[in-house]
């Protein structure tokens, strides 16, 4: 029952997005990017290989798109993430497709950079939403406390 409440929470997709982005960065930092398939296409005398990173960039935005599509009416951040994930999916499909084409390495690398940039943009929008939901009330509370102390000091001087 607790898991269902957590999944039904409006902030669950945002936290899942952060966890997935963190796992991706950790896997890249520790060089856990393994080859999944060899396509047989060649570029500059070497074979093009589909890595785990390429599949991650395809499937994770699909999951995020489905999760955020459910909550897209909540705000502009959710709509933005749905749009970014759709564009990420399209560029990721193009990137994987270019692995099967001989040559065109520079175009393949350009689409990979675009996919990575869009994925990081989704993370940035998610961090913005989490900051607004959790940090803004704390800042407002601190501001109210400061205003009350300033008023109390003025009353003491009067």
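Just so it is clear, none of the values below were taken in a lab; they were calculated from the coordinates. Values in this document were obtained by computation on a predicted structure and should not be read as measured data.
Determine the relative contact order of the chain: mean sequence separation of Cα pairs under 8 Å and six or more apart, normalised by residue count, in whole percent. Don't skip to the answer; put the middle values down first.
Details: 145 pairs, mean separation 35.4, N = 158.
It comes to 22 percent, rounded to a whole number.
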For this session: Divide by every residue of the chain the summed helix terms, -39500 (n - 2.57) for each DSSP H run of at least 4, and state the resulting mean residue ellipticity at 222 nm, rounded to the nearest 500 deg cm²/dmol.
Result: -25000 deg cm²/dmol
Seminar exercise, completed: Most fluctuating of 89, 138, 26 in the GNM of the chain (C-alpha, under 10 Å) is 138
Exercise. Using the alpha-carbon centroid of each, what span in Å lies between the stretch 102-137 and the stretch 9-43?
Worked result: 12 Å
Exercise. Given (i) -0.29, -0.43, -0.69; (ii) -0.46, -0.67, -0.93; (iii) -0.43, -0.57, -0.78, which label gives log10 I(q)/I(0) by the Debye sum over Cα atoms at q = 0.09, 0.11, 0.14 Å⁻¹ as computed from the coordinates?
Worked result: (iii)
